[in-house]
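A.B. asks: Please see the structure below; I have some questions.
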Amino acid sequence: MRPLTAEEFAALPENDFCRDELIRGAICLREPPPGFRHGGVEVRMSHILHAFVTIHRLGAVRTNVGFVFERNPDTVCAPDVSFMEASRLPVPSARPYPDGAPDLAVEILSPGHRMKDMAAHVALYLRTGSRLVWVVDPDHRTITVHRQTGEPIVLGVDDELSGEDVLPGFQYRVGYVFED
């Protein structure tokens, strides 16, 4: 079977039972739909980022939007939350997914995630251009910060999450992300 393109993948019917991704042209089942707690963390994270990005006119925040990380064969993944700088925003076109990685990718762990898969996603995001990746762990109430260089840093509830050079001036206490 020949590899699917991102455009062919986008034209497939939605799967209500699992989140699919396109990895090097092959459809991969990622996980069941996220649970209630995951959804709450995702809403808070996207709200926090969207408010900051909008006030400072930095770009756009999206949730569960597919990005074409690789071409020939195509890889399409959708971080839980993503940010793209204004200068990199895609021009509206017939293409369903923007080419290239978001500047910031946020993944929220859920019971269906396997650490091996999450590590592969983080590596893919960083290798293809994401400058910052946050992995949010609701069970342990931590956020692990990954950059293109250096070791990951694990932040606890009393630590400050920084947008660094991707979201200049962004500071937020990690614990607030997990409060209902």
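Just so you know, all these numbers are worked out from the coordinates, no wet-lab data involved. Note that the structure is predicted; figures quoted are calculated from it, not measured. Here the Cβ is made from the backbone with ideal geometry for all residues, glycine too, and neighbour counts use every protein chain on show.
A.B. asks: Express as a percent, rounded to the nearest 5, the fraction of DSSP beta bridges in the range 34-177 (both residues included) that run antiparallel.
C.D. replies: Around 80 percent of the beta bridges assigned by DSSP in the range 34-177 are antiparallel ones.
A.B. asks: Charges at C-beta only: +1 for Lys and Arg, -1 for Asp and Glu. How large is the resulting dipole of the range 34-177 about its Cα centre, in Debye rounded to 20?
C.D. replies: 300 debye
A.B. asks: With contacts defined as alpha carbon pairs under 8 Å and 6 or more residues apart, what's the relative contact order of the range 98-155 in percent?
C.D. replies: 33 percent
A.B. asks: Counting helices only, and only those DSSP H runs with n ≥ 4, report the 222 nm mean residue ellipticity of the chain as the sum of -39,500 (n - 2.57) divided by its residues, in deg cm²/dmol to the nearest 500.
C.D. replies: On the way: 4 runs with 43 residues, N = 180.
Helix-only estimate at 222 nm: -7000 deg cm²/dmol.
A.B. asks: While we're here: Please work out how much length the chain gains when fully extended from LEU12 to ALA123, using 0.36 nm per residue of separation minus the C-alpha to C-alpha distance, in nm with one decimal.
C.D. replies: Numbers: separation 111, 0.36 × 111 = 39.96 nm, distance 2.67 nm.
In short, 37.3 nm is gained.
A.B. asks: List the relative contact order of the chain as a percent without decimals, with contacts defined as Cα pairs under 8 Å and 6+ residues apart. Don't jump to the answer; show the numbers that get you there.
C.D. replies: Numbers: 336 pairs, mean separation 29.5, N = 180.
After rounding, I find 16 percent.
A.B. asks: I would also like to ask the following. Any idea what log10 I(q)/I(0) is at q = 0.09, 0.12, 0.13, 0.19 Å⁻¹ for the chain, Debye with uniform C-alpha scatterers and no solvent?
C.D. replies: -0.30, -0.54, -0.64, -1.40
A.B. asks: Let me ask you something else. Among TYR125, TYR97, what is the fewest-to-most ranking by other Cβ atoms within 10 Å? Don't jump to the answer; show the numbers that get you there.
C.D. replies: On the way: TYR125 25, TYR97 20.
Going from sparsest to densest Cβ surroundings: TYR97, TYR125.
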